[in-house]
1. Report, in whole Å, the centroid distance computed from the Cα atoms of the range 772-822 and the range 612-689.
2. For the chain, give the share of DSSP beta bridges that are antiparallel, in percent and rounded to the nearest 5; count only bridges with both residues there.
3. Just to confirm a number: summing +1 for Lys and Arg and -1 for Asp and Glu over residues other than Asp430 whose beta-carbon lies under 13 angstrom from that of Asp430, what do you get?
4. Using a 1.4 angstrom probe on the protein heavy atoms only, could you order Asp389, Asp600 from most to least accessible area?
5. Quick check: net charge around Leu563, other residues with Cβ under 12 Å of its Cβ, Lys/Arg +1 and Asp/Glu -1?
6. How do Lys644, Lys261 rank by accessible surface area computed with a 1.4 Å probe, from largest to smallest?
7. Over the chain, what lengths in whole Å, largest first, do the semi-axes of the equivalent ellipsoid take, defined as the square roots of 5 times the eigenvalues of the alpha-carbon gyration tensor?
8. Taking only protein heavy atoms into account and a 1.4 Å probe, give the accessible area per residue of the range 674-900 in Å².
Amino acid sequence: MAGANPFQSLLKEINVNGETFHYFDIASFPEYRELPYSVRVLLESAVRNCDNFQVLEKDVRGILRWKQLKGTPTSDDELEIPFKPARVILQDFTGVPAVVDFAAMRDAVLKLGGDPDRINPICPSDLVIDHSVQVDFARSEDALAKNQDLEFERNKERFTFLKWGAKAFNNMLIIPPGSGIVHQVNLEYLARVVFQDAAKEGAARMLYPDSVVGTDSHTTMINGLGVVGWGVGGIEAEAVMLGQAISMLLPEVIGYKLVGKLNPLVTSTDLVLTITKHLRQIGVVGKFVEFFGPGVSELSIADRATISNMCPEYGATVGYFPVDKNALDYLRQTNRAEEKVRVIEAYLKATDQLRDFGNAEQDPVFTQIVELDLASVVTSVSGPKRPHDRVAVSEMQQDFRQCLVSKVGFKGFAVPEAEMSAEGSFSWTDGKTYALRHGSVVIAAITSCTNTSNPSVMLGAGLLAKKAVEAGLKVAPYIKTSLSPGSGVVTYYLKESGVIPALEELGFNVVGYGCMTCIGNSGPLDDNVANTIEKNNLVCCGVLSGNRNFEGRIHPNTRANYLASPLLVIAYALAGTVDIDFEKQPLGTRPDGSAVFLRDIWPTRAEIQTVEQKHVIPAMFRDVYEKVELGSDSWQGLNAPTGKLYPWDTQSTYIKRPPFFDGMTRDLPKIGNIVNARALLNLGDSVTTDHISPAGSIARNSPAARFLSDRGLTPRDFNSYGSRRGNDDIMARGTFANIRLVNKLVPRPGPRTLHIPSGEEMDVFDCAQRYAGEGTPLIALVGKDYGSGSSRDWAAKGPYLLGIKAVIAESYERIHRSNLVGMGIVPLQYLAGQNAESLGLTGQELFSIAIPESCKPHERIPVSTDCGKQFEVIVRFDTEVDLEYFRNGGILNYMIRKMID
């Protein structure tokens, strides 16, 4: 049971603004000043929550030994530590299943004789209804209203359910739909930087660092403001909300030193794409990256947030910028109360957590140091299929042409030589005929939290658009252009700076506030465009200012997709193709016939900063956010159910009580071997959560579509997988439903597999159902980096519902491995140097896996097949807590049993 805190003697007082606060004086430890600033946050959490039950005194001592354990790249001692974040942030796509699970857990607790009221958030949770709008309407003055009205109509039931959850559960703040992207709202409004806990009667308030875990991998964006945070699956977030500590390994911390200054024509997007590629090459998966050096002072908080946002793309757990004076100034700029900023500053100074990047004496010890000279950064894009495949814009034309002829892969499309000059034409509503070729741009979207939070690139895009319009340039009408700001503040300063008319003239109308094209909600292309692409087998392109460009994510008809700054999104839209050398080829001509090159309309960093300083002011943030929690008239008009237990509608195709707790008992189930299992899939490297559980449109010929059609819905009402994450019937049918999935058991890409031994090719869901009817357990064989991409709990829940008992992979993405454990699926890893191919496995064998009752973390266990092949795998239970979750059948089952003890 919990006891007294052994570090109570470290509790000190500080007086600010005439008020007395308490805090733990962690700076008094002798080892403290050698700790990276990110590790100091882990230490403070352990000290403050130390009760010798969930957090032990030895855990604190272990963190203080960071230098000995992790201070060099050769240190390989593993230490498991607990971490209790200050809060949880839920994005609605992932927040819906979290609230659904909470509601279902209440039902289960009641059934097992417990008190359902115990299922209530203990850790504060911020739930932002991200309102991830599908861009059905783009080029029109009322595109915003049309898109949002349609989305509210489509998602009314989902929104009503969340409004019920906000009332039913304690300690939950909800930001209604239409407010912005969760990560930008977090940066501009929700982040506390330092918590100032409400005082109990007669007691001083407690100060401690803000820290957060979120149900989206880009939660790391808040690292740019000095808040330690990262993405977890919804399953793990729910446990944290119920007061459970996260069990993690004490991380290595890579010190990333920035020196020099950026070229005046280079953007923060170019910098982040450069860093992403660099850190991928170094290898930082599972590690913390902490930025330091004099070059950090050259970057605004928005620039830092852009770099931190891409942390999942370079693979680290966090990409952290400690709090400095610039961060405090940002809090003032974004209308945080001055008295709160003074408290934040006083606390950080008292605990040596306020950073001066120009003072090398403050530099802590790092596991490894790497350096980047900002002056070396050049204008860049990334693609055509991965965010870390950076290409200098000066080399883009050559690189794209090489991709066309290279073999199919991350940098290849294998276009036959005879088809290199393929072309198709179509007529448009303006009476003109347009032609498409390889490289033609058909989607150009300024979208995603990566860049829309950054005034420098958003205003830069506006200034470029203004100069383009003044030069008489136009964007072809068939290109689907859109502008989806991350918050209302962006629209505010774009209007005030006078660039909105130019953006709209080029087709970049505001279409909504939320994650859109970057998450696959680009909406349909015009049929003429789509048919021309398909008929001529063209490699056409999407260019977007997002963070993800995996195959099949942006749109089925854009086989090549490039991440770029908002400025370059407009540039490539004006060019109409990525097959262009901007130095040698003009974007178009002026009315007098003279050529207009990109360099003629590109704004300098100084130009942009002048406009930013004038127009991005605290009053904007005050006006936008002072009523944000009230929501729109549509939100206010929703009539949500009342009561602690949700009145489930069995006919609903949006919200359904999940079957995860059906048949659950108070007693622990016994661990059993997996005997005579079939491989449902045999997959290669870099299978992302988008491949496993797509978030985009529901294909008309899919099992999910058939399920909806059988219930009387037409394709217009199918909506997206993301919007239906509250219904397990849809999500199970959408598991492995990506059209670009490459399964080695079948000859062509797509959501298909082979039923063995019948030899029948089937949809993945249908095949899993058939195996279930035959009583056959299932596994999956996969390659490296399994589960990379967005943190998506349905990428673990879906396979669980398909009957997958274990996954054998070469390596795992951190969050996805944790989510598999959280659903009771066994993550297994080949021994170093081995994989399915080297072991001669086809995926058509019968597999038996011996899991000992006394299984230990990282234990080697045997796998045998019916063809005589035997090999060992490593059990990727990384901690004893992982094992405890597995023994319970998953983390949520563990929490239920804990609640009814």
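1. 19
2. Expressed as a percentage, antiparallel bridges in the chain total about 45.
3. +2
4. Asp600, Asp389
5. +3
6. Correct descending sequence by accessible area is Lys261, Lys644.
7. Equivalent ellipsoid of the chain: 39, 36, 27 Å, largest first.
8. Ligands and nucleic acids excluded, the result is 34 Å² per residue.
The values are calculated or read from the model by the stated rules, or taken from the named source; none is laboratory data. Not measured: the values here are computed from a predicted model. Reconstructed Cβ throughout: ideal geometry from the backbone, glycine too, with neighbour counts over all protein chains shown. The protein model used for the area step is the full one, side chains on, heavy atoms only, and it has no ligands, DNA or RNA in it. Shrake-Rupley method; radii C 1.70, N 1.55, O 1.52, S 1.80 Å.
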